[in-house]
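Okay, structure first, notes after.
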Amino acid sequence: MNRLESLARRFINQFQGGFPVDRHPFRFVAARLGTREATLIPVVESLVEEGWLSRFGPVYNASRMGGAQTLAALEVPEEDFGRVTGIVNGYDAVAHNYRREHRLNMWFVVATERIDGISRTLDAIGESTGLTVYEFPKTREFHLGLYLRLDEQGGVDTVPGPEPGRRGGYVFDSIDRDLTIATQGGLPIDAEPYAGVAGRLGCPEREVHERLRRMLECGVARRIGAVPNHYRLGLFANGMTVWDVPDEVVECAGAEVGALPFVSHCYTRSRHDGVWPYNLFAMVHGRNRSEVESKTGRIARVLGERCRARDVLVSSACLKKTGLRLAA
């Protein structure tokens, strides 16, 4: 990858989460990085414009809003892949879509603000494509969060990140919904980004601050900050490693795998009899396939004899990556 200048690299390393929620957040961040606000803002603008960041702002969690999200897959005939991609990507509820090297070759995440939106979307995709949709709902989450560390030589690797807030008792209301819609594509990159959001909503800036802080505490917003484009930054390979682990030991095994520093996502998910025997999923990233294979081997050593079967589905194309999108 092209080596990023020091300030851009340090901003990404330090603010993939934890971006301040106050009136002049860039002033605080600039002081932390040893620079000036007027110098930092154009750097962040360039990171987004040039594709080093997928976006800059909050990352939301549909399930904490009272909605839901799930993983699904299709077995798409090669000659029909383009048509099916267009159909699947046309649904706003499809947040991510990847082509993977497997008989089930299209894997996508559906996120909706209402729980019943999942079944409606999957049914519609099945009907419009004429294909069987295999759903893999999450039954337990051990770790979620892709955080990157860039070094001075242009290298990049995954690192552990902070866990999102999980305080209960949050009620997601209509103002929260409007705030999510206003920021789900990113924050304004200027000296007073939250003031711009408040202006669009017609509410005091202080209320925007308070609501975003509550969302962070409760995990409605997983984090606020830079969302790196791992492909652009040099992690060209990612593998969805899948494992068949006996149900009576999978919780302990999943906790051990999720604690590995290079695992960005780790869950248990449903099996499909006769089609899919795996119940433990762990995502790993690398600069090339050999790095993915090496990390997969390390997971295998952790699981040991608890693993009865395994596979790794390498991504060959990113078909869509927008994150959660609520309809206006």
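The values are calculated or read from the model by the stated rules, or taken from the named source; none is laboratory data. All figures in this text were calculated on a predicted structure; none of them were measured in a lab. Every residue, glycine among them, receives a Cβ derived from its backbone with ideal geometry; neighbour counts consider all protein chains shown.
The residues of the range 262-279 that are more than 16 Å from D311 (Cα to Cα) and either free of Cβ contacts under 8 Å to residues at least 40 places away in the same chain or in a loop (DSSP other than H, G, I, E, B) (or both), listed by number, are F262, D273. In the range 58-69, the residue that is farthest from the chain's Cα centre (by Cα) out of those that are part of a strand (DSSP E or B) and farther than 23 Å from P193 by Cβ is A68.
Evaluate the following for N105: is it within 21 Å of Q184 (Cα to Cα) and polar (S, T, N, Q)?
Answer is no for this residue.
I189 fulfils the conditions (1) outside any helix (DSSP H, G or I); (2) of a type in the set (V, I, T); (3) surrounded by fewer than 17 Cβ atoms within 10 Å (Cβ to Cβ) except for a single criterion, (3).
Residue selection: D311 satisfies the criterion of being surrounded by fewer than 19 Cβ atoms within 10 Å (Cβ to Cβ) and part of a strand (DSSP E or B).
Within the range 161-177, residues that are in a loop (DSSP other than H, G, I, E, B) have Cβ atoms under 9 Å from residues that are among the acidic types (D, E) in these pairs: G165/E217; R166/E217; R167/E217; Y170/D176; Y170/E217; F172/E113, counting only partners at least 6 apart in sequence or on another chain. When only residues in the range 277-290 that are of a type outside the set (V, I, T) and crowded, with 19+ Cβ neighbours inside 10 Å count, which is nearest to the chain's Cα centre (by Cα)? Filtering first and then ranking leaves M283.
Each row is one residue, and each column tells you yes or no for (1) of a type in the set (K, R); (2) closer than 18 Å to R177 by Cβ; (3) in a strand (DSSP E or B); (4) at pLDDT below 95.
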{"position": "S46", "(1), (2), (3), (4)": "no, no, no, no"}
{"position": "F56", "(1), (2), (3), (4)": "no, no, yes, no"}
{"position": "A73", "(1), (2), (3), (4)": "no, no, yes, no"}
{"position": "V76", "(1), (2), (3), (4)": "no, no, no, no"}
{"position": "D80", "(1), (2), (3), (4)": "no, no, no, no"}
{"position": "W107", "(1), (2), (3), (4)": "no, no, yes, no"}
{"position": "R120", "(1), (2), (3), (4)": "yes, no, no, no"}
{"position": "A124", "(1), (2), (3), (4)": "no, no, no, no"}
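In the range 201-214, the residues that are closer than 13 Å to R23 by Cα form Cβ pairs under 6 Å with partners that are at pLDDT 95 or above and in a helix (DSSP H, G or I), at six or more places apart or across chains, as follows: E205/Y194; E205/A195; E205/A198; V208/Y194; V208/V197; V208/A198. Of the residues making up the range 238-261, those that are crowded, with 19+ Cβ neighbours inside 10 Å and either assigned to a loop (DSSP other than H, G, I, E, B) or within 17 Å of the chain's Cα centre (by Cα) (or both) are N238, G239, M240, T241, V245, G258.
Per this entry, L148 is not counted among residues that are buried (at least 16 other Cβ atoms within 10 Å of the Cβ), part of a loop (DSSP other than H, G, I, E, B) and touching a Leu at 6+ places or on another chain (Cβ under 8 Å).
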